[in-house]
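Below you'll find the structure, written out as structure tokens, and then a few comments.
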Amino acid sequence: MAKQIEKTKEEKIEIEKDEIKEPEPKDKPIYVKVSDETRNLIDEYKDQGTTISDLVKNAVKCYDDFNSISPEVQAIIKKYKEEDENEILFVERAIKYYGEQKNLDRDLWVRARDEMKMMLIGKTTFNQLIHAAEIPEESLDKPWRKNVAIDLILWYNDSKPLKSLSIEEIIGTIQKVWVVANYFHTIDVNKESADEFHMLFRHRQNKRYGTYWLGYFTELFTSEEMPFKCEVEGQAFDESISLTLKIGYEK
């Protein structure tokens, strides 16, 4: 009977040892059987200096990234993927199609600007022009004082504070945005000295059009909102505007 009890205790100790056995280290080699196709891929990348360990790690990460795509996108892939097309080829095709559509939108705008002479115009400016048209005596003066140039300058410069922008950044923004919007076909800028700039705006309209924009930019550069004092001298011609800016001290 005593021997039986002793044997039972020994068995219990062995069971407990098995239960508290230390886990196998994670760096223990993993052995798997792979196809000839996979083996050829491994050999190809090994020749480029990549280890099998890196290949496995990157492959698992890629697999995990792909399977973490939302169910909605997975459904789109399943719906539009060709029967004999793998996921990578489908993603390449989708990205290429997206790029073509973006280029199409850009090309459409370029054609509209060049062929139809269309201009970009914001809702605020549009409403102000309509309102000014109803009051002939304010048809030019009203939009001068209600222009949205500062909003566009802040938008183009990633909403940086206006006070932090230099005169060069502000002039550069006007030179870019007002040409893209097709208000002018070219804007030339010459830095006459450290505190004096000359701008020549070329358009294809008339002197009245030039007079409007001369007032617009004069109002902008002399605005209390600007981070510097500025004297503006300008003149409107049939198809151009000449603007000279003399920058004073910072406010």
Expressed as a rounded percentage, what relative contact order does region 123-250 have, with Cα pairs under 8 Å and six or more residues apart? 22 percent
What are the ³J(HN,Hα) values, in whole Hz, obtained from phi via the Karplus relation 6.51 cos²θ - 1.76 cosθ + 1.60 with θ = phi - 60°, for each residue of region 149-165 in sequence order, with x given for Gly and Pro? 4, 5, 4, 5, 5, 5, 4, 5, 9, 6, 6, 5, x, 4, 5, 8, 8
In sequence order, calculated HN-Hα J values of region 68-85 (Karplus, 6.51, -1.76, 1.60; Hz; x Gly/Pro): 8, 4, 4, x, 5, 5, 4, 5, 5, 4, 5, 6, 9, 6, 5, 4, 9, 9
Amide proton proximity set for Phe228, modelled H, under 5 Å, gap of 5+: Lys251
Among 52-61, 225-234, how do they line up by average Cβ neighbours within 10 Å per residue, starting with the highest? 225-234, 52-61
The FRET efficiency for Tyr45 and Phe66, from their Cβ-Cβ distance with R0 = 30 Å and rounded to 0.05, is 0.95
Once the other residues with Cβ under 12 Å from the Cβ of Asp54 are scored (Lys, Arg +1; Asp, Glu -1), what is the net sum? +3
Please sort by residue number the chymotrypsin sites (Phe, Trp or Tyr not before Pro) in region 24-93 whose DSSP state is loop and whose Cβ has at most 16 other Cβ atoms within 10 Å. Tyr31
If I stretch the segment between Lys123 and Glu233 completely, what's the gain in nm (0.36 nm per residue apart, minus their alpha carbon distance), one decimal? 36.7 nm
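Here, each number is a calculation from the coordinates, and none is a lab measurement. None of these values were measured; they are calculated from a predicted model. Here the Cβ is made from the backbone with ideal geometry for all residues, glycine too, and neighbour counts use every protein chain on show.
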